[in-house]
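Undergrad: If you scroll down you'll find the structure; I have some questions about it.
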Amino acid sequence: MSLDKNLLSKLAVGDKHGEDSPYFDGWKAYDNNPFHPEHNPQGVIQMGLAENQLCSDLIKEWIKANPQASICTAEGIDGFSDIAVFQDYHGLKQFRQAIAAFMEKARGGRVRFEEERVVMSGGATGANETLMFCLADRDDAFLVPTPYYAAFDRDLSWRTGVRIIPVECNSSNNFQVTKQALESAYLNAQETGIKIKGLILANPSNPLGTSLDRETLQTLMDFINDKQIHLVCDEIYAATVFAEPRFISVAEMIQEMDHVNRDLIHIVYSLSKDMGLPGFRVGVVYSYNDSVVTCARRMSSFGLVSSQTQSFLAAMLSDQIFVDNFLKEVSKRVAKRHLIFTEGLKEMGVSCLTSNAGLFVLMDLRQMLKDQTFESEMSLWRIIINKVKINISPGSSFHCSEPGWFRVCFANMDEDTLQIALQRMKHFVLRHRENKKRKSFQENLKLSFSSMTYDEHVRTPTLMSPHSPLVRT
């Protein structure tokens, strides 16, 4: 039965969620035919999900050694009544203290976070949307450097009505955002009557896998301070940095830049990437603006973290020996997995953007495009999904300015599955290269014969041009 759309809201019947994008289509292809080494070895391998499964063993070991941390065990049942009753939207004090301490550790102990400014949210998705509600009105806009996280369009805009203004970056400088690009985007928006309320950054970047250096952060902070607009810094991959330059948080920068208005600075964090706990839906808004903290805390009623989860995580994150070892292992294991994957790609002649963080790489397949268009990128992506049976994400879904770049995630599977994925990619790349050589040879052969003329009497071929491919050979 078809439903009368007039019965529903514009939000309900609209298409602004972005669910029909290639980013989510790849997930659907995996869901319909998931790879399993025994039950479905020809299925689609999921490399479109930025999930950290590299250190789950450490968390499991801690749980076994600390059963009292859960109110659902015999050892922890005494705390059940205190945790199961109503909790207000401030959250458990011990949870906010533990999160603040963990955020400090994940940033090398170079900054301090106040528990009073920690606001809970249902993952980074909820945290980003909450900040949009706090900072902007419908049709106001935020600048976002490209390429940017594919789901930002949903998280930042779908329900809030806030606009995203892309700041175009390109591969000539490894997609680094420049002051010139920011000024240009800001000016163009103003000329069209769009009110810019801020700048949003993901540092480390998704999908680039790079962290911002000190000079770039200084430029960005001076820019927002001069314009008196907000800076929202999504730092959910802070602990995944595995190589230089080291991660520098915006919280560290404001300690050095006294002239910057702190009321403009806001941080989004979660435990989804650094700890590999996306199912726990633990997001954090951390703002230096008192009014934003108050408003965000009121809004957190719509996306609280369960008190059971808070209690459990407070116990685990308060174990400093565990936390120190965990953070060290995350960096080490991400580095190892990154090396295995990029070296595997290098062996087949495929390069990636140089990166130092994140759970993915930006793979360069520009040489495999039929032509340098986004239509060719989508054609190649469909082949990889449907024939190679690997779900990777095309750069266009991240608003990349150049076709041929693909984000590939490497930390959401075991190493055996990763090797199978590399074998599939190698077979595809080598076959593509052979087909390209064969086609080129056939075209050259056809060209060489078409460049000949024949004397009707002696039937002797005469070469028309000294530039014929046969002359060169």
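The values are calculated or read from the model by the stated rules, or taken from the named source; none is laboratory data. In this text the structure is predicted, and so the values were computed from the model without any measurement. Cβ placement follows ideal geometry from the backbone for every residue including glycine, while neighbour counts extend to all protein chains displayed. To get the accessible areas, we keep the full protein, side chains included, count just its heavy atoms, and leave off ligands, DNA and RNA. Shrake-Rupley method; radii C 1.70, N 1.55, O 1.52, S 1.80 Å.
So that you can scan it fast, the table gives a plain yes or no per residue for (1) open to solvent by less than 20 Å² (accessible area, probe 1.4 Å); (2) polar (S, T, N, Q); (3) in a helix (DSSP H, G or I):
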| residue | (1), (2), (3) |
| --- | --- |
| Val334 | yes, no, yes |
| Lys346 | no, no, yes |
| Ala357 | yes, no, no |
| Leu362 | yes, no, no |
| Glu375 | no, no, yes |
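Undergrad: If you don't mind, there's one more thing I want to ask. Check region 304-325 and report whether any residue there is modelled with pLDDT of 95 or more, outside any helix (DSSP H, G or I) and in contact with a helix residue (DSSP H, G or I) (Cβ under 8 Å, 6 or more places away or on another chain).
TA: Yes.
Undergrad: Please go through region 385-408 and pick out each residue that is in a helix (DSSP H, G or I) and either more than 19 Å from Asp20 (Cβ to Cβ) or polar (S, T, N, Q) (or both). Write out each step before concluding.
TA: Step one: filter region 385-408 for residues in a helix (DSSP H, G or I), giving 385-388, 395-398.
Asn386, Lys387, Val388, Ser396, Ser397, listed by residue number.
Undergrad: Here is a follow-up. So, Ile390, is that one within 26 Å of Arg337 (Cα to Cα) and either surrounded by fewer than 22 Cβ atoms within 10 Å (Cβ to Cβ) or in contact with an Asp or Glu (Cβ under 6 Å, 6 or more places away or on another chain) (or both) or not?
TA: When the stated conditions are applied, Ile390 does not pass them.
Undergrad: Considering only region 305-313, I want to know if a residue exists there that is within 23 Å of Met120 (Cβ to Cβ), free of Cβ contacts under 8 Å to residues at least 60 places away in the same chain and touching a Phe, Trp or Tyr at 6+ places or on another chain (Cβ under 7 Å).
TA: Taking every residue of region 305-313 in turn, at least one turns out to be within 23 Å of Met120 (Cβ to Cβ), free of Cβ contacts under 8 Å to residues at least 60 places away in the same chain and touching a Phe, Trp or Tyr at 6+ places or on another chain (Cβ under 7 Å).
Undergrad: Checking the conditions here, which among Arg117, Arg107, Arg159 is crowded, with 18+ Cβ neighbours inside 10 Å and farther than 22 Å from Thr216 by Cα?
TA: Just a single option satisfies the conditions, and that option is Arg117.
Undergrad: Report yes if some residue within region 181-192 is within 18 Å of the chain's Cα centre (by Cα) and farther than 28 Å from Ile59 by Cβ; otherwise report no. Before you say what the answer is, go through the steps one by one.
TA: Restricting attention to region 181-192, the residues satisfying the condition of being within 18 Å of the chain's Cα centre (by Cα) are none.
No; the residues of region 181-192 include none that is within 18 Å of the chain's Cα centre (by Cα) and farther than 28 Å from Ile59 by Cβ.
Undergrad: Are there helices (runs of 4 or more DSSP H) fully within region 8-103 with at least 2 residues that are surrounded by 12 or more Cβ atoms within 10 Å (Cβ to Cβ)? List them.
TA: Of the helices (runs of 4 or more DSSP H) lying wholly inside region 8-103, those with at least 2 residues that are surrounded by 12 or more Cβ atoms within 10 Å (Cβ to Cβ) span 22-32, 56-65, 80-84.
Undergrad: Residue by residue through region 183-196, note down the ones that are within 28 Å of Ile236 (Cα to Cα) and open to solvent by less than 40 Å² (accessible area, probe 1.4 Å).
TA: Ala185, Tyr186, Ile196
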